[in-house]
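The values are calculated or read from the model by the stated rules, or taken from the named source; none is laboratory data. Note that this is a predicted model, so its numbers are computed, not measured. Here the Cβ is made from the backbone with ideal geometry for all residues, glycine too, and neighbour counts use every protein chain on show. Side chains are part of the model used for accessible areas, which takes the heavy atoms of the whole protein and leaves out ligands, DNA and RNA. Shrake-Rupley method; radii C 1.70, N 1.55, O 1.52, S 1.80 Å.
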Amino acid sequence: MQPGYNSKSAFQPVRNTGGNNQPGPSNSNISYPQMSGYAFPQNQFYNGQYTAADPASSGQQYPMNYSNSNMQYNQYGVNGPSGYWNPNTAQNNSFNQHLQPPNVALTTPSLNNKTAGETESNINKSQTMNSESSLSSSPEHSASESSPAGSGVEGGDSESADSDTISGTTNRSEHVNNQQSSAPVPAYNPHSMSAGVNTTRSSVLGKRPTNTPGTYAYPTPTWQQSRNYAPNPQVPPQPPVQYNGVNQSAPYPGQYQSSGQTGFPQPLQQPTHYPGAGMQTQFSNMSISPQNSFNNQSSSPQPVNLLANRHILPSKPLQPINPKVPEQYKGLNCDPTVFRCTLNAIPQKQEEITKAKLPFGLLIHPFKDLQNLPVIQSPVIVRCKSCRTYINPFVSFIDQRRWKCNMCFRTNEVPSDFLVNSNGRVEDVTKRPEIRNATVEFIAPGDYMLRPPQAALYLFLLDVTSQAIATGYLDIVCSVLKKNIANLPGDARTKVSIICFDSSIHYLAVLENQDKAQLLSFPDIDDLELPRHDDLLVNLSENMDKISNLLSKLPEIFRKNVQTRSALGSALSAGQKLLASTGGRITVFQSILPTLGPGKLSSREDPNERAGTDVKNLKPATDFYKSLALTCSGNQIAIDLFAVNTQYIDMASLSGMSRFCGGCIQTFPNMLPKSQQAERLEKDFTRYLTRKLGFEAVLRVRCNRGLTVSDFFGNFFVRSTDLLAFPNVNPDAGVAMRVRIEENLTSASHCCFQAALLYTSTKGERRIRVHTLYLPMANSVQDIVASADVEAVSCFLAQMAVDRSLDSTISDARDALLNAVTDCLAAYRASLPGHASMGTMLIAPPSLSLFPLFLSGLLKSKALRVGSSTKLDDRLAAMIDMLSMPVFHVMHMIYPPMYPVHNIHLQPLMGSDPNETPTNANQETVFSFAEGKIPQPPQLQLSAESLSRDGAYLLDKGTQMILLVRSHVSMNWCMKVLDLPNPTGIPSGGLKSLPELDNTVSNALRAFIFSLLDSRPNHAPILILRDDDPSKALFFESLVDDRTDGSSSYVEFLQHINGSIEKMKK
């Protein structure tokens, strides 16, 4: 998601055109470095509103490079569903498509005020605010950007430096109108390759140590933080590898016999009880330690032959990469699950990224639940006077009174309050938690806010049509809300309101001198009037009994409702008016297509086209929901959508209500009473009500001079070129952004990024959560490639591909992804010494050996697959999740883990020596989730080739777990795990729960499943299927390494990439 949107699409990025709302050049051909046939749109301008403190900038232009060529791909078949290679079924499939260079031109954007009812072309996600209505701040913390009601703003002080403060205004909803010419965007062909390696093609798509928890209240020093990161593993000698007569040099730095610490090819240590397991040992010694790979130029990483090592997935789950840092910073870097970069060594020039053909991006989980987060309450928050960076572990102290910023390298004075404790004694500044932790949270002092913090206000919009009642969701929601209403985050000021809707609007009102809450119905949805504000939005602590009583009766009140039409737009408008002056959160439950009032929709899905290659109707049918979201963002209101549907509801249009105002979207398709979706709704809604929440939040990422961040992805509103606004921020939201090198970094010794999230807690405290990431510099393209984080690269490309799909077409995005992996591997091969002697081998660096595997899975994911029947709403829901979720969740969508569990009681415990197995005498008590004794089965590649007929396999799809019990599994296992004599006892449709049996095998399996559930915020119900159940398609559709009717296998994917590279050499 980008900082602004043009008239052609709601998903194209725009660029800042300068201060004082001066338009950029018109009819300019704008683009950015890209691969041939592979580019995400970045050719729009951003028109923002600034005060005099903002530096002016001008529109920029970049040359766009295209190439035209043809490609022929010989596609080989696979014999049967097992995926075994059969060269006798070879087929010749020719792809001869031409890529024509487009004529991309932009007209001059203009600033206009727009209303909620105007067309898509007049709505812009980058919403500007009226500067005359903003409140002035103190001289030391004045805001440079005008802001919506009660928002926290990182602005500029009298020295034009940033600070964090609140600016309080109301009812600001100006929008920017960016219009683009009607020049058509061409279809990008992934098979279009130029002869030779084209250097103008860019492949860039368009456990932290446990710290002392608690609050640090200054000036009393109570800091006892530790640095507990383990040292780098020792490097044993490795034999050289020969391929086609080319003898590779000594082992690359950091190479070692892995036992699962890294996510690269490594030998299996578990018994091979399933077909194909022995193949996973091929090339298993070709592992790489990304922490050391770019420190020694005397040796280089040994490449991996992908076609000879197609069983390349490591047996243990991938672990986030910790970048290599100097000795004094070991154990101090930011947790990679919170803040990570696609590259763990930063190039010195943009040209080096272009040569490496890798994306340069950041992925942040800014509000993640953390167990040991240092909370600091101090009279002073130390920041750089120039760039406003918060003091962090990577600054350098010249002496006790001066420190040098690690971003801009300015020398700053250490405030006296930062040095002295409560006894008046001078403390060692290096012992402070800000200097010992890369992630800290400050309780902001009073000069960071201009008005009292926002109270917690919650509004629930409930669909009560007859179709909605039939799903059973209302009983679940009312029951869960009644149980947890006292646990809603907030304080004594917390208020709650409930509005029901069908073809009319029904308000829950607590009237004066009334003992019970009442429902007030308004059938006139076109001329909607609100009852008295204080009757609808009531104090929770004072009216809890009245609200609870009404929640008990609500399902019965609408049990026999016969209304079949929904006026969702009118209900949303009423909710927005109700919270406009205060801000808050609106939670919407929707089960059918809204067909009445503003925002009414009609069905656009043709079931006969679900398996087509030309996916249509990915764009919204109306701009109403997006416009409403922009208005809500200005009022500090977030809208969260729960889709509890059994039919098409046009997720492409409805999702706009949440995506553009910092909301979240949760989908429960095929919702029916007592179904697994009902189980999910109960568990997920319970956590939703009680999870941590931040109001009126803003996020800014700072980086070293010469770097810029842009092209943001996630659910938020881009208030200025680098300031992201979240009316609500939740711990499950992720953010991604692209980084560009604007100036060479040849003199830099390191690179740092700092993300600062300013928010209001539900207790009314203004807080600042700061994450700082330290990365070393790369000395060559080989260093860049060796440092790549394959999970981060894959997730970042997935987000860019989804953004491209929503802006253009899925075909363009798929073509771009294919070009990404092809150009990356081609560039790496060309950089190797003696590459001409390698023949037709498909070579990959160890750091990216899983890159083709993950992109093959991504192309078959529900979001981007073609040729396979996929409901339009399910596709859109998957796309939105990819855009807005952290890396962990996205990877489950790209390549879900699969484990053999028929021998799980023989597997080593998590964190133990892989050669150890639980063979002590007391087998009945060895496994326990509560005691941390959890088995770790190996992770299998997603192919039927990995399945044996006498096994049982657990597939973790993120929102569902499927346990497939094969036909010849042992009777002993069935009795101990399922309490059944054999798999035929599993009923058709599967079992919905796992029996709790007191034996070793059952304890081991349940402990492992509990550990998987404990690692995620959402619930994943388990479905147990026998081998011949018709529902087994839910399992086999995730075996993305195998060939299907609409897509090729992983081996064929590798052959296609290899053929493309060979054509590039000619």
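All but one of (1) within 23 Å of Leu853 (Cα to Cα); (2) in contact with a Pro (Cβ under 9 Å, 6 or more places away or on another chain); (3) among the β-branched types (Val, Ile, Thr) hold for Ile962; state the number of the condition that does not hold.
Of everything listed in (1) within 23 Å of Leu853 (Cα to Cα); (2) in contact with a Pro (Cβ under 9 Å, 6 or more places away or on another chain); (3) among the β-branched types (Val, Ile, Thr), Ile962 misses just condition (2).
Report yes if some residue within region 566-577 is surrounded by fewer than 19 Cβ atoms within 10 Å (Cβ to Cβ) and out of contact with any Ser or Thr (no Cβ under 9 Å at 6 or more places or on another chain); otherwise report no. Give the derivation first.
At the first step, the residues of region 566-577 found to be surrounded by fewer than 19 Cβ atoms within 10 Å (Cβ to Cβ) are 577.
With the extra rule that they be out of contact with any Ser or Thr (no Cβ under 9 Å at 6 or more places or on another chain), the set shrinks to 577.
Looking through region 566-577, at least one residue is surrounded by fewer than 19 Cβ atoms within 10 Å (Cβ to Cβ) and out of contact with any Ser or Thr (no Cβ under 9 Å at 6 or more places or on another chain).
From the list Ala801, Ala844, Ala827, which one is modelled with pLDDT of 95 or more and in contact with a helix residue (DSSP H, G or I) (Cβ under 8 Å, 6 or more places away or on another chain)?
Numbers: Ala844 fails: modelled with pLDDT of 95 or more; Ala827 fails: modelled with pLDDT of 95 or more.
That would be Ala801, the only listed residue that is modelled with pLDDT of 95 or more and in contact with a helix residue (DSSP H, G or I) (Cβ under 8 Å, 6 or more places away or on another chain).
Within region 773-789, does at least one residue satisfy the condition of being assigned to a strand (DSSP E or B) and closer than 30 Å to Ser633 by Cβ?
There is at least one residue in region 773-789 that is assigned to a strand (DSSP E or B) and closer than 30 Å to Ser633 by Cβ.
For region 977-1000, name all the residues that are in a loop (DSSP other than H, G, I, E, B), small (Gly, Ala, Ser) and surrounded by fewer than 16 Cβ atoms within 10 Å (Cβ to Cβ). I'd like the intermediate steps shown before the answer.
Pass one, region 977-1000, residues in a loop (DSSP other than H, G, I, E, B): 978-982, 986-990, 992-999.
Cutting the leftovers down to small (Gly, Ala, Ser) gives us 988-990, 993.
Those that are in a loop (DSSP other than H, G, I, E, B), small (Gly, Ala, Ser) and surrounded by fewer than 16 Cβ atoms within 10 Å (Cβ to Cβ): Ser988, Gly989, Ser993.
Yes or no: Phe796 under 17 Å from the mean Cα position of the chain (by Cα), of a type in the set (Phe, Trp, Tyr), more than 30 Å from Val866 (Cα to Cα) and open to solvent by less than 10 Å² (accessible area, probe 1.4 Å)?
Here the answer is no, as Phe796 does not meet what is asked.
Report whether or not Phe558 is open to solvent by less than 20 Å² (accessible area, probe 1.4 Å), over 30 Å from Phe695 (Cβ atoms) and in contact with a strand residue (DSSP E or B) (Cβ under 8 Å, 6 or more places away or on another chain).
yes
Residues that are farther than 25 Å from Ile639 by Cβ: find the strands (runs of 3 or more DSSP E) completely inside region 371-488 holding 1 or more of those.
374-377, 396-399, 402-404, 411-413, 439-443
Quick check on Thr746: is it in a loop (DSSP other than H, G, I, E, B), open to solvent by 10 Å² or more (accessible area, probe 1.4 Å), out of contact with any Cys (no Cβ under 6 Å at 6 or more places or on another chain) and of a type in the set (S, T, N, Q)?
It is true that Thr746 is in a loop (DSSP other than H, G, I, E, B), open to solvent by 10 Å² or more (accessible area, probe 1.4 Å), out of contact with any Cys (no Cβ under 6 Å at 6 or more places or on another chain) and of a type in the set (S, T, N, Q).
Please find, within region 325-356, the residue that is modelled with the highest pLDDT out of those that are open to solvent by 40 Å² or more (accessible area, probe 1.4 Å) and part of a loop (DSSP other than H, G, I, E, B).
Applying the filter and picking the extreme gives Thr337.
Just for region 1007-1048: of the residues that are β-branched (Val, Ile, Thr) and touching a strand residue (DSSP E or B) at 6+ places or on another chain (Cβ under 8 Å), which one is farthest from Val338 (Cα to Cα)?
Ile1024
Which of (1) assigned to a helix (DSSP H, G or I); (2) surrounded by fewer than 24 Cβ atoms within 10 Å (Cβ to Cβ); (3) hydrophobic (A, V, I, L, M, F, W, C) does Ala820 not meet, given it meets every other one?
Going through the list (1) assigned to a helix (DSSP H, G or I); (2) surrounded by fewer than 24 Cβ atoms within 10 Å (Cβ to Cβ); (3) hydrophobic (A, V, I, L, M, F, W, C), Ala820 breaks only (2).
Given the residues Arg865, Arg814, which is the only one that is part of a loop (DSSP other than H, G, I, E, B), more than 18 Å from the chain's Cα centre (by Cα) and over 20 Å from Gly714 (Cβ atoms)?
That would be Arg865, the only listed residue that is part of a loop (DSSP other than H, G, I, E, B), more than 18 Å from the chain's Cα centre (by Cα) and over 20 Å from Gly714 (Cβ atoms).
Which residues, taken from region 769-779, are surrounded by fewer than 24 Cβ atoms within 10 Å (Cβ to Cβ) and touching an Asp or Glu at 6+ places or on another chain (Cβ under 6 Å)?
none
Every residue, every condition in (1) out of contact with any strand residue (DSSP E or B) (no Cβ under 7 Å at 6 or more places or on another chain); (2) outside any helix (DSSP H, G or I), yes or no:
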| site | (1), (2) |
| --- | --- |
| Cys824 | yes, no |
| Pro833 | yes, yes |
| Leu855 | yes, no |
| Thr870 | yes, yes |
| Asp873 | yes, no |
| Ala878 | yes, no |
| Pro896 | no, yes |
| His902 | no, yes |
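For every residue, the table says whether it meets (1) more than 16 Å from Leu817 (Cα to Cα); (2) surrounded by 18 or more Cβ atoms within 10 Å (Cβ to Cβ); (3) modelled with pLDDT under 90; (4) touching a His at 6+ places or on another chain (Cβ under 6 Å).
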{"site": "Pro1030", "(1), (2), (3), (4)": "yes, no, no, no"}
{"site": "Leu1034", "(1), (2), (3), (4)": "yes, no, no, no"}
{"site": "Arg1043", "(1), (2), (3), (4)": "yes, yes, no, no"}
{"site": "Val1051", "(1), (2), (3), (4)": "yes, yes, no, no"}
{"site": "Leu1054", "(1), (2), (3), (4)": "no, yes, no, no"}
{"site": "Ile1057", "(1), (2), (3), (4)": "no, yes, no, no"}
{"site": "Ser1060", "(1), (2), (3), (4)": "no, yes, no, no"}
{"site": "Lys1066", "(1), (2), (3), (4)": "yes, no, yes, no"}
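Quick check on region 491-520: of everything there that is open to solvent by less than 10 Å² (accessible area, probe 1.4 Å) and of a type outside the set (A, V, I, L, M), which residue is nearest to Ser541 (Cα to Cα)?
Top of the filtered list is Thr494.
List the helices (runs of 4 or more DSSP H) inside region 502-587, counting only whole elements, that have at least 1 residues being farther than 20 Å from Thr631 by Cα and within 37 Å of the chain's Cα centre (by Cα).
Those helices (runs of 4 or more DSSP H) span 533-536, 540-557.
Identify, from the list Ile1022, Ile962, the residue that is closer than 25 Å to Arg680 by Cβ, open to solvent by 10 Å² or more (accessible area, probe 1.4 Å), β-branched (Val, Ile, Thr) and modelled with pLDDT of 95 or more.
Result: Ile1022 is the single residue among Ile1022, Ile962 that is closer than 25 Å to Arg680 by Cβ, open to solvent by 10 Å² or more (accessible area, probe 1.4 Å), β-branched (Val, Ile, Thr) and modelled with pLDDT of 95 or more.
For the condition more than 21 Å from Leu883 (Cβ to Cβ) and among the basic types (Lys, Arg), what is the one hit in Arg691, Arg738, Arg705?
Only one candidate qualifies: Arg705.
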